[in-house]
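A.B. asks: My questions will all concern the structure given below.
A short reminder: the numbers here are calculations on the coordinates, not readings from a lab. Given the structure is predicted, the values throughout are model-derived calculations rather than measurements. In this analysis, Cβ positions are derived from the backbone assuming ideal geometry, glycine residues included, and neighbour counts consider all displayed protein chains.
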Amino acid sequence: MLFRQLFETETSTYSYLLGCERTRKAVLFDPVVTEVERYVALLKELNLTLVYTLESHVHADHITGSGKLRELLGSKSVVHRDGGAQCADLMVTDGVFLQVGDLEFEVRHTPGHTQGCVSYVMADRVFTGDALLIDGCGRTDFQQGDAGQLYDSITQQLFTLPPDTLVYPGHDYQGHTVSTIAQEKAKNARLGGGKKRGEFIQIMQELQLAYPKYIDRALPANQSCGNIEVQG
Ligand SMILES: [Fe+2]
């Protein structure tokens, strides 16, 4: 398997490129529109064909590159059916399996940051989007966020994975690149160490985060797969 963790500095977003060495087919998790040229060059360099762009959710902080990549390379965009992006080519729900060459992914619905959040589980790793972050989690104060629901998603859908499963998040603001389920279960500041649901909800309520910088631009654009023109 070919694997690249790609970082977009403006919004501290991680995108991930995975390629099957046998078939040269690839997927890209959470592409950012401003990085599309970089992805295209990397795919070419690695001699890969992009099959899917896999969204962990409809983002509020950056514009997805899925529409642009579809235009340029013919890749299909995958989003959860409750994500609110009717422009997607493939709407998935909990328990769906995706196969691309020898790469296999199980879709797990992990709502709470948004209603349409999913994590993509592989045999040795999980891409958690903005549900579980390293030593943190996605915010729950906008986009139908719900702290109780996020607690249930993380504890029931992610903390139940094998302890050595690698955790690759959708963002990191402190320079972390990868963690494990065991480490997050033990140490995550918001819900590690066996924190109860009520404690977690209280922590989330008291965060008092600033209004997201790009939400008014990013949300409508992402609901149309990054097609900025439709915003008017
Ligand atoms: Fe998000």
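A.B. asks: Helix 36-45 versus the longest principal axis of the chain: what angle, 0 to 90°, nearest 10, using Cα atoms?
C.D. replies: Long axis of 36-45 versus the principal axis of the chain: about 60 degrees.
A.B. asks: Just to be sure I understand: with springs between alpha-carbon atoms less than 10 Å apart, which residue in Gly136, Gly112, Gly83 has the highest mean-square fluctuation in the Gaussian network model of the chain?
C.D. replies: Per the Cα network of the chain with a 10 Å cutoff, Gly136 tops the list.
A.B. asks: If the chain between Gln99 and Lys44 were fully stretched, how many nm would it gain, using 0.36 nm times the residue separation less the Cα-Cα distance?
C.D. replies: Length gained between Gln99 and Lys44: 17.7 nm.
A.B. asks: Under the Cβ-under-4.7 Å rule, which cysteines of the chain stay unpaired?
C.D. replies: When partners are defined as cysteine Cβ atoms under 4.7 Å apart, the chain leaves Cys20, Cys117, Cys137 without one.
A.B. asks: How far apart, in nm, are two points set 7 Å out from the Cα along the Cα-to-Cβ line at Glu206 and at Thr160?
C.D. replies: Label-label distance for Glu206 and Thr160, simple model: 3.0 nm.
A.B. asks: For the pair Arg22 and Asp124, how long in nm is the line joining their label points, each one 7 Å along Cα→Cβ?
C.D. replies: Here the answer is 1.6 nm between the modelled labels.
A.B. asks: Enumerate the lysines that Lys25 could reach by cross-link, defined here as Cα to Cα under 21 Å, with residues fewer than 8 away along the same chain left out.
C.D. replies: Excluding near neighbours in sequence, the set is Lys44, Lys68, Lys76.
A.B. asks: With a Förster radius of 45 Å, plug the Cβ-Cβ distance of Phe142 and Glu71 into 1/(1 + (r/R0)^6) and report the FRET value to the nearest 0.05.
C.D. replies: The calculated FRET efficiency here is 0.95.
A.B. asks: Under 30 Å from the Cα of Lys195, which lysines turn up, not counting those fewer than eight places away in the same chain?
C.D. replies: The qualifying lysines are Lys185, Lys187.
A.B. asks: Test of understanding: in a Gaussian network model of the chain with alpha carbons linked when under 10 Å, which of Ile203, Ile154, Ile63 would top the mean-square fluctuation ranking?
C.D. replies: Ile203
A.B. asks: Ignoring everything except DSSP H segments at least 4 long, calculate the 222 nm mean residue ellipticity for the chain; use -39,500 (n - 2.57) per segment, divide by total residues, nearest 500.
C.D. replies: -5500 deg cm²/dmol
A.B. asks: Putting +1 on Lys and Arg Cβ atoms and -1 on Asp and Glu Cβ atoms, find which of Ser15, Thr49, Pro111 reaches farthest to the positive end of the dipole of the chain.
C.D. replies: Selected residue: Thr49.
A.B. asks: If I model a spin label at Asp152 and His176 as a point 7 Å from the Cα along the Cα→Cβ vector, what separation in nanometres do I get?
C.D. replies: 2.5 nm
A.B. asks: Taking only the alpha-carbon atoms of the chain, what semi-axes of the equivalent ellipsoid follow from 5 times the gyration tensor eigenvalues under a square root, in whole Å, largest first?
C.D. replies: Details: eigenvalues 142, 87, 46 Å².
They are 27, 21, 15 Å, listed from largest to smallest.
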